[in-house]
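The values are calculated or read from the model by the stated rules, or taken from the named source; none is laboratory data. Note that the structure is a prediction, hence the values are computed from the model and not measured. Positions of Cβ are generated from backbone atoms using ideal geometry, with glycine treated the same way; all protein chains shown enter the neighbour counts.
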Amino acid sequence: MNEKNNYSRKCVVTNKIFPIDELIRFDYNKIENKVTLDLEKNKKGRGCYLLNNQELWTIFFSKKCLNRSFKTNLSSKDYEVLYKELEEVLWRKKQTE
């Protein structure tokens, strides 16, 4: 009765379905027109997922997949901030392992 649900979501770059533990979530706040990194995957609102693979990061940011997913126009500066935050957080995570 106490089974844990294994949720899965689609990666916006590969369009393949993966377990939610392997993905990185981005959250979109429409009121502020702001995208944030959601590592705990618990923020409310619209979100999109990216497979945790550095090769896919470059495709994700070069094709500006967030614009397509959230139907908005984010500036290049917003993408740079997200990329740096993603590198910093995941680099720190690898350091602790």
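Please indicate, with yes or no, whether at least one residue in segment 17-32 is part of a loop (DSSP other than H, G, I, E, B), at pLDDT 90 or above and among the polar types (S, T, N, Q). No, that holds for no residue. Restricting the first member to segment 37-62 and to residues that are surrounded by 17 or more Cβ atoms within 10 Å (Cβ to Cβ), and the second to residues that are in a loop (DSSP other than H, G, I, E, B) and not small (Gly, Ala, Ser), the beta-carbon pairs closer than 6 Å and six or more apart or on different chains are 48/12; 56/13; 60/13. The residues of segment 63-97 that are of a type outside the set (Asp, Glu), exposed (fewer than 12 other Cβ atoms within 10 Å of the Cβ), assigned to a helix (DSSP H, G or I) and without any contact (Cβ under 8 Å) to a residue 40 or more places away in the chain, listed by number, are 76, 77, 84, 91, 92, 93, 94, 95, 96.
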